[in-house]
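Shown next, in structure tokens, is the structure this report addresses.
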Amino acid sequence: MTTDRKLRLGAFLQATGHHVSAWLHPDTDADAGHNLEHYKGLARTAERGKFDLVFVADSPGGYADFTDEATFRQNAKAAHFEPVTLWAALAQVTERVGFVATSTTTYEDPYTTARKFASLDWVTGGRAAWNVVTTGADVSANFSRTEHLEHSKRYERAEEYIDVVKGLWDSYEDDAFVRDRAAGVFLDTDKFHVLGHKGEHFQVRGPLNIARPPQGYPVIVQAGASEPGRELAARTAEVIFTANLLLEDAQEFYGDVKARLGKYGRRREDLLVMPGIFAVLGGTEAEAQAKYEELQSLVHPAVAWGILNRHYQGVDLSSYTLDDVAPPLPGDTNGSKSRLKLVSDLVERERPTLRQLYRQVSTARGHLTTVGTPEQVADLIQTWFETGAADGFNVMPPILPTGLTDFVDQVVPILQRRGLFREGYEGKTLRENLGLRRPENSFAGRVPAVAEAS
């Protein structure tokens, strides 16, 4: 079959891979978190597969609980590259694939974020994207703060934060820098604008000290699926990285966020929904299942209990064994509400043992996990794509680099033969390849900043 609508694919990278014990697998590079050559290879593989983008998750507090020594000593995610720095390097060895970096609206300053991502967009030639996170983990102790902002307050701050960043990106209109040597004019001041923002959370004068990004704005990405997260995405996001285990849940989420766009003057195609998918591939179902079991056999019992304790914060599991039925999860959190709901629904729906629960979470932390042949994985992707559940997928290789290589070599050609995925890039910028509109400068046509100040 063929269709005008094309699937979007991202490579979601985590050093040695997404499985919690991937670093123990002999096909991984144990030092991947600090190995630039490793990431160069991954970026080139993604580009060879015509992926839209590559993405590494990031947190200002890391992903390791150093207070739990038993699991900390086995955690390969304890240290890794800062993403903007990494992408600036990888842009030099690629030409078309986009780069998504995370920056938190709770623990960073909007001026710094605006400058950082404008620079990245220039360095990459218009291939940058900002993954907007409010940060679920309490890392306040790293930022001279006494407490973590409450969930709803984090989203209120994020909404204003994004407006400030966009306003700063519009400090100069696209053609403001004339650089006319003959006239001795470097900047057309009629096309220069001071933000002058004064809000509840921020007071930012501006202007930014870099030209407007090549894409107008770097692509805005978000991952929240709570009620405030959905509303923020409908207002501001252009790509959503989401987690769903069931087709029906994915369809509900997809339909809900798309339906919210109209009240913000946006079209359905202005927002792309890309769930995560953790695919274990094999030449046969039996071979794929054997690979899956091999990965699960690498999970140390201390790591298994560490996974469970993170989900059951405030619950004493000391009287349980791994073969006991998982009890209900805590009813609320000031962390990630969407991920809590996803795992809670799984426990309520399937009534797994604690062993079954940690095995499910150890693969993709609640994202869609599939084990099978390349054709079966392609079938699943096609079903979700064609039935209103996804515009594409964020591919989460179990181990790296082989997991990404296998997907590119085995699944992508099937999707291409079916007319679902591109055979060549449509443009040079990430926006062009994703089919997203380039935003107009919000100040264009208004009184210039010099006149306002006089």
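Once every DSSP H run of n ≥ 4 in the chain is given -39500 (n - 2.57) and the sum is divided by its residues, what mean residue ellipticity at 222 nm do you get, rounded to the nearest 500 deg cm²/dmol?
Working: 16 runs with 163 residues, N = 454.
Computed ellipticity for the chain at 222 nm equals -10500 deg cm²/dmol.
Shape of region 31-157 from the C-alpha gyration tensor: oblate (a/c of 1.5 or more and a/b not above b/c, with a ≥ b ≥ c the square roots of its eigenvalues). Protein heavy-atom surface of the chain, 1.4 angstrom probe: 50% of the accessible area is carbon and sulfur, with nucleic acids and ligands not counted. The residue list V325, Y264, V185 was ranked by how far each Cα lies along the charge dipole of the chain toward its positive end, using unit charges on Cβ atoms, and V185 comes out on top.
Loop-only trypsin sites (Lys or Arg not before Pro) in region 165-272, please: DSSP not H, G, I, E or B, and at most 11 other Cβ atoms within 10 Å.
Those that pass, being in a loop and sparsely packed, are R179, R181, R205, R267.
Here K198 is the anchor, and the lysines within straight C-alpha reach of less than 26 Å, apart from those fewer than 8 places off in the same chain, are K116, K153, K166, K263. The charge dipole of region 125-243, taken about the Cα centre with unit charges on the Cβ atoms of Lys, Arg (+1) and Asp, Glu (-1), comes to about 300 debye, rounded to the nearest 20. Straight-line cross-link reach from K258 at under 18 Å between alpha-carbon atoms covers these lysines, not counting any fewer than eight positions away in the same chain: K6.
By the rule of a C-alpha distance below 20 Å, with chain neighbours fewer than 8 residues away ignored, the lysines paired with K40 are K50, K77, K428.
State the antiparallel share, in %, of DSSP beta bridges confined to the chain, rounding to the nearest 5. For the chain, the DSSP antiparallel bridge percentage is about 15. The dipole here belongs to the chain: it is taken about the Cα centre, uses +1 on the Cβ of Lys and Arg and -1 on the Cβ of Asp and Glu, and is about 960 debye. Taking other residues whose beta carbon is less than 15 angstrom from the beta carbon of T28, and scoring Lys, Arg as +1 and Asp, Glu as -1, yields -4. Ranking P301, L42, V377 by Cα position along the charge dipole of the chain, where only Lys, Arg, Asp and Glu carry charges on their C-beta atoms, puts L42 farthest toward the positive end.
Note that the chain presents 43 Å² accessible area per residue, ligands and nucleic acids not counted, probe 1.4 Å. Restriction of the GluC sites (Glu not before Pro) in region 369-431 to DSSP coil positions whose beta-carbon has at most 10 other beta-carbons within 10 angstrom yields E423. Around the amide H of L208, modelled in the peptide plane, lie the amide H atoms of S171, all under 5 Å away and 5 or more residues distant in sequence or on another chain.
3J(HN,Hα) couplings calculated from phi for region 268-273 with the Karplus curve 6.51 cos²θ - 1.76 cosθ + 1.60 (θ = phi - 60°) are, in sequence order, 4, 6, 7, 9, 9, 9 Hz; Gly and Pro show x. Measuring nothing but how far apart in sequence close Cα pairs (under 8 Å, 6+ apart) lie, relative to its length, region 188-298 scores a relative contact order of 17 percent.
Residue ranges 245-254, 144-153, 404-413, 292-301 sort as 404-413, 245-254, 292-301, 144-153 when ordered by packing (mean number of other C-beta atoms within 10 Å per residue, highest first).
The values are calculated or read from the model by the stated rules, or taken from the named source; none is laboratory data. Just so you know, these numbers come straight off a predicted model, no measurement behind them. Cβ atoms come from the backbone with ideal geometry, glycine included; neighbour counts cover every protein chain shown. Remember, those area values only see protein heavy atoms, side chains included, never the ligands or the DNA or RNA. Shrake-Rupley method; radii C 1.70, N 1.55, O 1.52, S 1.80 Å.
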